[in-house]
Amino acid sequence: MDGMPFQAELMQASPANAENQVTLANWRIAPFNRWAFSHVSEIVPSAIIAHDPARVTPLPANHVNLGGVGYRTASGQNGTVNNMLADTFTDGFLVMRQGRILTEHYAAALAANRPHIVFSVSKSITGSLAGLLVENGQLDPDAPVIQYLPEAKNSAYGDATVRHVLDMTVAIDFTEDYLDPDGDFLRYRKASGWNPVDNPATAGDLRSFLSSIRRGTGGHGHTFHYVSPNSDMLGWLIERAAGRKLADILSEGIWQPIGAEMPAYVTVDRLGAARTAGGINATLRDLGRFGEMMRNHGTTGGKTVLPRKWVDDILKNGDATAWARGDMATFIPGGKYRSKWYIVDQAREAFCAVGIHGQWIYIDRKAEMVAVKVSSQPLPVDEAMDKHILAAFRAIAAELA
């Protein structure tokens, strides 16, 4: 189920031969990503999101073979869950129902105790965390961004609200092109510490980059426009509102209360700014615990972790019209986006977090199911693989419902 053979010799010698060396320059490129995505803290500076060993929530298991569950792919072909896992460069796969593990699978360089980068699933974790600050009166989603961050007054965020940031409806002049060798995204990654810089003496930083992004045309709130800097801006807002570092807020607010069994971590830039848009790394089971908490309306073991009204707002609200106007409307027809989560099927209470290179948390409340997939797909975005994966998740939900 590896998608392509894992090169076990990557990073094994001391030092590794040039052809097997994973570096800041190649860590997101196949085949190096198959090792790198579960060793990110060895490549990019990172801050620990601590767990509490005394509060680990048990995950009972009732193993079921779901590999043969079948479905029709978007192209009209017959597929199975096993096909999907093999075809989409799966590093880890977990399915839970009612909090019990049904399926757990590891491949490539991943193991149960090793965190894997989740890319833009980080956005959904950060959007969930924002609910704690809203509940505590530290963050007002309807307030202007500059109420908390006056530094952003001359940027795209100068007249935007926190809610615009949460729902990706900021009118912003930024192109999310992961493969552009010269554009906005390369400059963004250099500022984040994810790419080598030409001259360390003049290197930028993430917060300065965010404050420099230009406003786009039109009004905020009109159109869903997916750009990752919005979610780093949310992380900065959370830190400023709470007066603490993001990793510590996330540790105490979510990671310890859900009973995580391992620390997580988040990449940081040269000044310690957390890459909340894509830099969180966590183990498969702890991602399952997080998803299970969201499935249970913000509770773990009957205890409140996140405010129920914040979690339930994700499905109840969101602007379907803004989504339909946006640049991802064909990804989930009839969908919505709220507080960094995708609403897939409101009737089934199905919603998901998605990251590039094949990272997913998929929740279907009608099936009482949480599925987690972490991967090392060669391309950042592969729509055919996304549709394959979504079809498999829906088939599993139908099987369990």
TODO: Please verify whether the stretch 321-337 includes one or more residues that are over 18 Å from the mean Cα position of the chain (by Cα), in contact (Cβ under 8 Å) with a residue 60 or more places away in the chain and crowded, with 23+ Cβ neighbours inside 10 Å.
DONE: yes
TODO: Would you mind stating whether Trp27 is touching a residue at least 12 places away in the same chain (Cβ under 8 Å), surrounded by 14 or more Cβ atoms within 10 Å (Cβ to Cβ) and either out of contact with any helix residue (DSSP H, G or I) (no Cβ under 7 Å at 6 or more places or on another chain) or outside any loop (DSSP other than H, G, I, E, B) (or both)?
DONE: no
Open item on the list: Tell me the residue from Ser231, Ser251 that is out of contact with any Pro (no Cβ under 6 Å at 6 or more places or on another chain), more than 26 Å from Gly158 (Cβ to Cβ), crowded, with 21+ Cβ neighbours inside 10 Å and of a type in the set (S, T, N, Q), please.
Closed with: Ser251
Task: Any pair with Cβ under 7 angstrom, 6 or more apart, that starts in the stretch 270-297 at a residue that is more than 15 Å from Met233 (Cβ to Cβ) and touching a residue at least 12 places away in the same chain (Cβ under 8 Å) and ends at one that is among the hydroxyl-bearing types (Ser, Thr, Tyr) and assigned to a loop (DSSP other than H, G, I, E, B) - done: Arg289/Thr57
Task: Breaking point among (1) surrounded by 24 or more Cβ atoms within 10 Å (Cβ to Cβ); (2) over 23 Å from Asn230 (Cβ atoms), for Arg365 - done: (1)
- [ ] Check every one of the helices (runs of 4 or more DSSP H) wholly within the stretch 107-210 and list those with 2 or more residues that are more than 23 Å from the chain's Cα centre (by Cα).
- [x] 145-148
- [ ] Search the stretch 288-328 for residues being of a type in the set (D, E, K, R) and touching a Phe, Trp or Tyr at 6+ places or on another chain (Cβ under 8 Å), and hand back the single one that is nearest to Arg338 (Cα to Cα).
- [x] Asp319
Open item on the list: Can you tell me which residue is nearest to Glu151 (Cα to Cα) among those in the stretch 234-259 that are out of contact with any Phe, Trp or Tyr (no Cβ under 8 Å at 6 or more places or on another chain) and part of a loop (DSSP other than H, G, I, E, B)?
Closed with: Gly243
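Listed here are the residues, each with its yes/no results for (1) touching a residue at least 60 places away in the same chain (Cβ under 8 Å); (2) out of contact with any strand residue (DSSP E or B) (no Cβ under 8 Å at 6 or more places or on another chain); (3) under 30 Å from Ile29 (Cβ atoms).
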| site | (1), (2), (3) |
| --- | --- |
| Asp159 | yes, no, no |
| Arg163 | no, yes, no |
| Asp173 | no, no, yes |
| Gly193 | yes, no, yes |
| Ala203 | yes, yes, yes |
| Phe209 | no, yes, yes |
| Arg215 | yes, no, no |
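Read-outs: derived from the displayed coordinates by stated rules, not from any lab. Because the structure is predicted, anything quoted here is derived from the model rather than measured. Quick reminder, even Gly has a Cβ in these numbers, built from the backbone with ideal geometry, and neighbours come from all protein chains shown.
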